[in-house]
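The structure appears right after this line, and notes come after that.
The values are calculated or read from the model by the stated rules, or taken from the named source; none is laboratory data. For clarity, every value in this text was computed on a predicted model and none was experimentally measured. Cβ placement follows ideal geometry from the backbone for every residue including glycine, while neighbour counts extend to all protein chains displayed. The accessibility values were calculated without ligands, DNA or RNA, using every heavy atom of the protein model including side chains. Shrake-Rupley method; radii C 1.70, N 1.55, O 1.52, S 1.80 Å.
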Amino acid sequence: MAASRKKNFWLFTASAVAALVATDYAYAQDAGDGEIVVTATRRETRLQDVPIAVTPVTAEIIENSGIRDLQDLTSVAPGLVFTNAAAETSATARLRGIGTEGSNPGLESAVGIFVDGVYRARNGVALTDIGEISQIEVLRGPQGTLFGRNTSAGLITVRTAGPDLSSFGGSAEVTAGDYSELRLGGAVYGPIVEDQLGFRLFASTGSRDGFIDTIGPTGARRDVNDRNVWTVRGQLLWEPNPDVSLRLIADYSERDEECCAARIYNAALLNGTPFLGSGAAATFPAPVTAIINALGGYGPGGLAALGNGSISDRTGFANRRYDQIIEDQGVSGELNWQLGDMTFTAITAFRDWNVLQSQDSDFTAADIWFRDSATGDGFGFEIFTQEFRLAGVNGPLDWLVGVYYADETLTRVDNLTLGGLYREFFQAQLTPTLGGALAGSLTTGLNAAEGAGQRDRYEQTNESLALFTHNIFEVTDRFEVTLGLRYTQEEKVFNGRYNTPFSGNALRASTLTTLTGLGVPAATAGSVATTLYGLPWLNSSLDGPALVRTREENEWSGIISGRYAFSDDVSAYVSYSQGYKAGGFNLDRDFDLDPSFAAETVDAYEAGLKTRLLDGALILNTAIYYQEFANFQLNTFTGIQFIVASIPEVVTQGAEIDALWRTPIEGLSFQGGVAYTEAEYGAFAPGPGISNRLPNARLTNSPLWTATGAWTYERPVGDNLTGLVYVDSRYMSNIVSGSDLAPGKRQPEYFLVNARIGLSTNDERWGVELWARNLLDEEYTVINFDQPLQTGSLASFLGDPRTYGVTLRTRF
């Protein structure tokens with residue numbers, strides 16, 4: 001099947017190129033000013049000259065759209081999907097249907113994120129107030145040659161605003177909105193030594209009430225999924241002469257929030273389609289719902305508190321907190337030194353990120369099991385990176401060579417604790433089958449399990465070294481060839497220490513003996529014994545000496561592409577690239593004593609057409625692609641634990657269009673795009689814990705269609721003022737958000753709109769804006785999942801509701 005798809009891809013490419021050659025380009029002329037420059041090749045290059053699918057997001061779009069962190073990019077970047085699982089720290093970016101679910105920190109990201117040239121260890125690590133940005137670039141497809149491992153699906157690069165060497169200035173901003181939102185931000189910058197040494201200092205703080213209410217055992221409500229963050233970033237820029245530039249950056253951020261509570265929803269089927277809206281009769285799974293209700297899991301209101309299961313009711317349940325306490329800090333330095341016809345670049349960085357987490361793991365008000373940040377539950381990264389590059393131009397050859405080194409330490413504290421109603425919960429499940437007396441007798445041993453669980457400690461060290469080169473050959477004035485190659489060597493050492501305060505191993509055996517002695521069928525007896533005393537947090541088989549494993553990888557990746565310029569404004573390219581995402585270790589209990597998983601690789605084929613039309617007023621870029629992934633890393637939740645599996649083959653193919661248009665109406669501009677993506681698992685035999693729905697099915701969280709559009713209209717108002725009207729929108733077709741592709745986890749298509757109107761002085765000294773996000777108050781879910789331990793019950797992490805507010809700005 002893959003060979004047939006590849007053949008169709010090249011036939012389509014050949015047809016497109018043939019059509020291109022036959023087209024008259026007389027109307028496409030030089031645009032002159034307003035060129036967009038990107039750094040996708042580690043060189044400053046015109047967007048239209050880069051043989052890569054790139055979506056640039058300018059500072060103006062970032063400000064107008066109200067983008068505060070990288071998740072908000074989805075409103076202006078087609079093909080980009082961001083999802084959260086149990087916390088924002090597990091956020092996952094996806095491009096062209098590919099991403100790595102982030103709840104297990106042992107898996108590295110498929111979409112890399114670089115901020116000011118510095119790699120962020122995971123997608124969730126990069127989620128903070130991004131502050132003052134000069135430009136963001138979203139690169140689609142493997143980018144491993146220049147940016148290293150873990151960019152097998154694509155890359156997001158962020159460039160922050162830098163110091164000023166010539167003049168003092170600053171800015172301040174106040175935002176107030178519903179849900180008690182308040183954000184204060186400001187920056188000052190200027191020269192310390194004119195034209196040689198400058199600084200920039202940015203700081204912000206923001207808070208907001210939660211988007212979902214949780215009901216506790218007494219009926220008390222608490223809003224969760226709130227926001228409480230502050231950040232500061234300081235920079236120095238030293239240019240002692242025209243050939244040398246040194247930029248130093250230090251930043252620090254803290255977040256003290258509660259995230260993420262979930263909504264138990266109605267998974268009734270309506271004409272074969274799971275219904276997540278309002279108006280359907282609730283059909284919650286009766287047995288487990290009745291048990292949770294009897295244990296007070298829905299508060300004093302009981303079953304009525306569930307309503308009809310509509311996600312319109314932003315209500316959850318909890319008797320424990322959902323703490324998300326994050327500390328993020330780092331320093332970096334970038335040296336650029338012009339050595340005759342060559343440029344030497346060195347980027348040195350150290351980052352330290354950690355999170356403490358609490359979670360009501362059953363997502364009910366019943367005290368069944370939980371995590372508590374007070375016990376140190378959470379994880380963290382310390383990472384040192386060093387990159388050296390040397391680049392130059394010799395005649396027709398634009399060459400670049402480099403070396404990259406990274407030393408990362410990942411630690412995780414995994415404390416899962418059993419609550420006061422753990423025994424009662426399982427006793428109630430067994431009573432209908434075994435009777436109350438026997439169920440009570442068999443579960444007596446669980447009385448001693450209260451407050452126990454698992455107390456596991458993980459440490460994973462990762463040392464990586466890469467050599468790379470990227471070369472552009474100008475074969476003729478119109479035709480160029482790019483050749484790139486990267487060799488990566490890395491070693492990971494895993495150290496797992498497991499501690500099970502209450503071991504159920506002996507009780508599991510005695511329970512099995514008791515049940516078989518009573519004539520209970522062996523399969524049923526085994527299932528009951530395992531459910532009561534053999535679940536991972538009661539299985540002490542891993543206790544004892546630390547489990548130590550080592551994994552070494554030596555991988556090649558690279559790219560070859562050809563670009564032909566039919567004119568100054570029209571070019572086409574084809575490329576083949578290989579990408580690589582490191583293997584690693586599952587940081588969850590793995591009882592076969594081999595928690596490792598293989599590296600993920602990709603072979604990618606792409607063809608693109610880049611055009612500037614209408615005297616440069618319209619940029620229209622298209623790309624088609626075909627990608628084959630081997631050993632695709634799937635992280636899936638079974639309802640009791642995470643497991644990692646390597647899927648032999650995943651294929652993604654599709655087409656994309658990006659457009660930027662300065663319309664004939666003065667002051668009106670548009671930026672947007674459309675992405676069509678077919679991302680499918682290949683044929684394979686699912687292993688333990690992997691759903692048999694996966695073979696030959698569409699990937700989790702992979703929409704067929706996404707589309708974005710942003711309209712900006714700016715016009716003078718009188719002699720001294722400028723008016724702004726801005727609207728952006730995003731459409732996403734239906735997805736299944738569960739890793740098992742269960743039909744009840746389907747999210748129907750939805751459409752989001754953000755808007756902003758403003759008035760400012762012509763010199764931007766003062767400005768005021770009214771804004772709204774999710775203007776139409778679209779109801780949608782981000783992730784739908786099996787409620788832990790509660791067979792048949794489903795819960796959702798909800799998308800943000802409509803919010804609105806006002807922003808005041810000043811520049812000086």
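Normalised per residue, the accessible area of the stretch 735-798 is 40 Å², obtained with a 1.4 Å probe and no contribution from ligands, DNA or RNA.
Leaving out ligands, DNA and RNA, and with a 1.4 Å probe, what % of the accessible surface on the stretch 451-575 is carbon or sulfur? Mind showing how you got there, number by number?
Numbers: 3110 of 5640 Å².
Result for the stretch 451-575: 55 percent of the exposed heavy-atom area is carbon or sulfur.
Per residue, the accessible area of the stretch 458-595 comes to 44 Å², computed with a 1.4 Å probe over protein heavy atoms only.
So if R0 is 35 Å, what FRET efficiency would residue 397 and residue 603 give, r being the distance between their Cβ atoms, rounded to the nearest 0.05?
Details: r = 27 Å, r/R0 = 0.76.
After rounding to 0.05, the efficiency reads 0.85.
Using C-alpha pairs under 8 Å with a sequence gap of at least 6, the mean separation divided by the residue count of the chain gives a relative contact order of 12 percent.
Around the amide H of residue 86, modelled in the peptide plane, lies no amide H under 5 Å away from a residue 5 or more places distant or on another chain. Using R0 = 41 Å, the C-beta based FRET efficiency linking residue 441 and residue 327 works out to 0.25. At q = 0.09 Å⁻¹ the log10 of I(q)/I(0) for the chain amounts to -0.91, computed by Debye summation with a single uniform scatterer per C-alpha, solvent ignored.
Charging the Cβ of each Asp and Glu at -1 and of each Lys and Arg at +1, and nothing else, the dipole of the chain about its Cα centre rounds to 2040 debye.
Loop by DSSP (not H, G, I, E, B), at most 16 other beta-carbon atoms within 10 Å: where is the longest site-free stretch of the chain for GluC sites (Glu not before Pro)?
Working: sites that count: 35, 44, 194, 450, 666, 749, 764, 778.
With a cap of 16 other Cβ atoms within 10 Å, the longest stretch comes to 195-449.
Summed over the residues of the stretch 63-201 and divided among them, the accessible surface reaches 23 Å² per residue at a probe radius of 1.4 Å.
One Cα centroid belongs to the stretch 622-684, the other to the stretch 571-621; the line between them spans 9 Å.
What the Cβ-Cβ distance of residue 768 and residue 518 gives, at R0 = 56 Å and to the nearest 0.05, is a FRET efficiency of 0.15.
Could you please state how large a percent of the accessible area of the stretch 690-812 is carbon and sulfur, counting protein chains only and using a 1.4 Å probe? Within the stretch 690-812, the accessible surface is 58 percent carbon and sulfur. Reducing the stretch 452-477 and the stretch 123-151 to their Cα centroids gives an inter-centroid distance of 14 Å.
Using θ = phi - 60° in the Karplus curve 6.51 cos²θ - 1.76 cosθ + 1.60, the 3J(HN,Hα) couplings for the stretch 481-492 round to 10, 10, 10, x, 8, 9, 10, 10, 10, 8, 9, 10 Hz; x is entered for Gly and Pro.
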